[in-house]
Amino acid sequence: MSSHPDTDRCTVKLVGRSCEHDLCYPIPRGVPPELRCQPTQPAGYGSGSGGCCRIPADMELQVERQLRDHLQECKRRGYVEVRAA
C-alpha cells in the first residue's frame, strides 16, 4: 500500500470463489466522493463473509484500472470490485 500525500481511501469489495470482504484501500490518486471510505472507517478489512480472501499482489493497479476503465459502473455500485488472489 502506498503512502502518497494525495492518497484517498477507496471503498473496495474483494470477491473470491467463497469469500467477499469490504475494504478501505488507500490509493495515490483522487477518488470520487461516492467511492471514498468514511473518515471513521478503519483501513483494511471491514465486513464480509467466507474465509481466506487474499489481497492480490497488484491490488493498487487493479483498483486504479477499475477506476479508469469502469468508473461509472463503480459509482453505480458504490464500490470498486476486485477479484481475490
All positions within the range 5-38 that are surrounded by 18 or more Cβ atoms within 10 Å (Cβ to Cβ), among the hydrophobic types (A, V, I, L, M, F, W, C) and touching a residue at least 60 places away in the same chain (Cβ under 8 Å)
10, 12, 14
I'm trying to understand the selection: among the residues of the range 6-57, which are hydrophobic (A, V, I, L, M, F, W, C), under 18 Å from residue 71 (Cβ atoms), touching an Asp or Glu at 6+ places or on another chain (Cβ under 7 Å) and modelled with pLDDT of 90 or more?
31
Take the residues in the range 68-84 that are at pLDDT 95 or above and buried (at least 16 other Cβ atoms within 10 Å of the Cβ), then tell me which one is nearest to residue 37 (Cα to Cα).
79
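The values are calculated or read from the model by the stated rules, or taken from the named source; none is laboratory data. In this text the structure is predicted, and so the values were computed from the model without any measurement. Quick reminder, even Gly has a Cβ in these numbers, built from the backbone with ideal geometry, and neighbours come from all protein chains shown.
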